[in-house]
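Notes for the one structure printed next.
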Amino acid sequence: MMGNERWSMEGSTALVTGGSKGIGRAIVAELARFGVAVHTCCRNEEELNVVLNQWKSMNLCVTGSICDVSKHAEREKLMDKVRTIFNDKLDILVNNAGITGSPWKPATHMTSEEYSSLMATNFESCFHLSKLAHPLLKASGRASVVFISSIAGTGAFIEGLAVYSSTKGAMNQLAKGLACEWAGDMIRVNCVAPGFIETALSKEVADNDEFYKQIKSRIPLRRFGKPEEVASIVAFLCLPAASFITGDVIHVDGGQTTNLS
């Protein structure tokens with residue numbers, strides 16, 4: 001493969017979970033601008049219809065459906081729809097949907113229901129959707145899977161996120177394992193681990209002025225990131241130009257995880 005083909009995804013297909021807002025929304029738009037036909041999902045029908053209309057007005061090829069990725073049956077239904085839309089072949093899978101749990105709380109205060117919800121939404125869905133997508137990804141011949149992890153998966157940055165951090169750490173390890181298992185199927189698997197990004201999930205931090213300043217002081221670039229800055233890395237990992245990158249965890253955090261001072 002030579003020239004601009006290494007930097008093209010024109011005609012590719014993608015499933016991006018949790019694409020109606022925040023990082024997921026930015027990823028959908030970024031891939032679609034590359035000429036990728038994208039299917040996305042979220043739990044809120046009204047929210048989904050709003051963004052689908054916006055993407056349509058921008059002439060971006062995006063379809064969507066309602067799905068709660070924490071539910072086993074809904075994940076199967078989603079993949080059946082993707083299989084039909086894309087004729088049994090999928091080039092890109094981005095497991096983005098996730099929750100932090102609200103409010104943040106110490107592990108000793110977390111209920112079994114809250115634990116189960118975090119695990120099902122963040123980790124179980126990531127594994128199950130990847131497994132369901134495997135035949136479609138294998139049919140691609142050069143597929144890319146990207147998990148949206150977190151810097152919380154490699155370090156403890158905020159109290160009250162022990163279980164959330166565990167789901168992201170497990171996601172990192174799953175990516176490494178699948179990268180080795182699926183390499184022979186021409187499927188690359190990587191993680192993108194954002195730091196503090198300007199989304200609704202980070203609003204709780206930003207609204208606490210003292211805490212916000214404390215966090216920002218540990219980020220060498222001295223600011224929170226933008227969803228588009230995460231989306232660009234995801235898109236790169238899906239390009240043919242990234243064909244020798246697999247099993248990696250790439251931090252998009254303004255240098256926070258390297259700042260030991």
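The values are calculated or read from the model by the stated rules, or taken from the named source; none is laboratory data. Given the structure is predicted, the values throughout are model-derived calculations rather than measurements. Quick reminder, even Gly has a Cβ in these numbers, built from the backbone with ideal geometry, and neighbours come from all protein chains shown. Just so you know, the surface numbers come from the protein's heavy atoms only, side chains and all, with ligands and any DNA or RNA stripped out. Shrake-Rupley method; radii C 1.70, N 1.55, O 1.52, S 1.80 Å.
Screening the stretch 199-235 for residues that are within 15 Å of the chain's Cα centre (by Cα) and modelled with pLDDT under 90 and picking the one that is surrounded by the most Cβ atoms within 10 Å (Cβ to Cβ) gives THR199.
Cβ-Cβ distances below 6 Å connect the following pairs, each with a first residue in the stretch 227-243 that is in contact (Cβ under 8 Å) with a residue 12 or more places away in the chain, a second residue that is among the charged types (D, E, K, R) and open to solvent by 10 Å² or more (accessible area, probe 1.4 Å), and a separation of six or more residues or different chains: ALA231/GLU30; ALA235/GLU30; PRO240/ARG6; ALA241/ARG6. Taken together, the residues in the stretch 236-255 that are surrounded by fewer than 20 Cβ atoms within 10 Å (Cβ to Cβ) and in a helix (DSSP H, G or I) amount to 4. Only one of the listed residues (THR100, THR63, THR108) is without any contact (Cβ under 8 Å) to a residue 24 or more places away in the chain, open to solvent by 20 Å² or more (accessible area, probe 1.4 Å), more than 13 Å from the chain's Cα centre (by Cα) and at negative phi. That residue is THR108.
The selection criterion, being out of contact with any Cys (no Cβ under 9 Å at 6 or more places or on another chain), among the small types (Gly, Ala, Ser) and touching a residue at least 40 places away in the same chain (Cβ under 8 Å), holds for SER70. Screening the stretch 8-30 for residues that are in contact with a Leu (Cβ under 9 Å, 6 or more places away or on another chain) and under 15 Å from ASP91 (Cβ atoms) and picking the one that is surrounded by the fewest Cβ atoms within 10 Å (Cβ to Cβ) gives SER8.
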